[in-house]
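Laboratory data are not the source of any read-out in this text; all were calculated from the coordinates shown. Remember, predicted model here, so these are calculated numbers, not experimental data. Here Cβ is always computed from backbone atoms with ideal geometry, including for glycine, and neighbour counts include all displayed protein chains.
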Amino acid sequence: MFEPPIQRLVDELARLPGVGQKSAQRLAFHLLNIDEPDARRLADAIIEMRVQIQLCQRCFNVSASD
């Protein structure tokens, strides 16, 4: 077990398709070692994508609008 913030990140990363527990641990420790601005850019990119991009209900393609 890791410290709670690290374990939470590992658990969330491991939920991604194709990412197992060991890969999630590697990613988490990589993210721990990058500069904070780089980590924030990654977090911001994920949030921006979730806010601005949707799946089209007809064709299931990605779309920036409904």
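Full-extension gain between GLU36 and VAL19, please, as 0.36 nm times their residue separation minus the C-alpha to C-alpha distance. If you can, show how the numbers build up before the last one.
Values: separation 17, 0.36 × 17 = 6.12 nm, distance 2.32 nm.
Additional length available on full extension: 3.8 nm.
Taking 0.36 nm per intervening residue step and subtracting the Cα-Cα distance, what contour gain separates GLU3 from GLN52 on full extension? Don't skip to the end; give the middle numbers.
Values: separation 49, 0.36 × 49 = 17.64 nm, distance 3.28 nm.
Gain on extension, GLU3 to GLN52, equals 14.4 nm.
Could you tally the net charge around LEU31, taking each other residue with its Cβ under 13 Å from the Cβ of LEU31, Lys/Arg +1 and Asp/Glu -1?
Numbers: positive: ARG8, ARG26, ARG40, ARG41; negative: GLU12, ASP35, GLU36, ASP38.
Once all neighbours under 13 Å are counted, the net charge is 0.
Quote the charge dipole size of the chain about the Cα centre in Debye, to the nearest 20; the model charges only the Cβ of Lys and Arg (+1) and of Asp and Glu (-1).
Working: 8 positive and 9 negative charges, 60 e Å.
Using only the charged Cβ atoms, the result is roughly 280 debye.
What relative contact order, as a whole-number percentage, does the chain give when Cα pairs under 8 Å and 6 or more residues apart are counted?
On the way: 36 pairs, mean separation 10.9, N = 66.
Taking the mean separation of contacting Cα pairs over the length of the chain, I get 16 percent.
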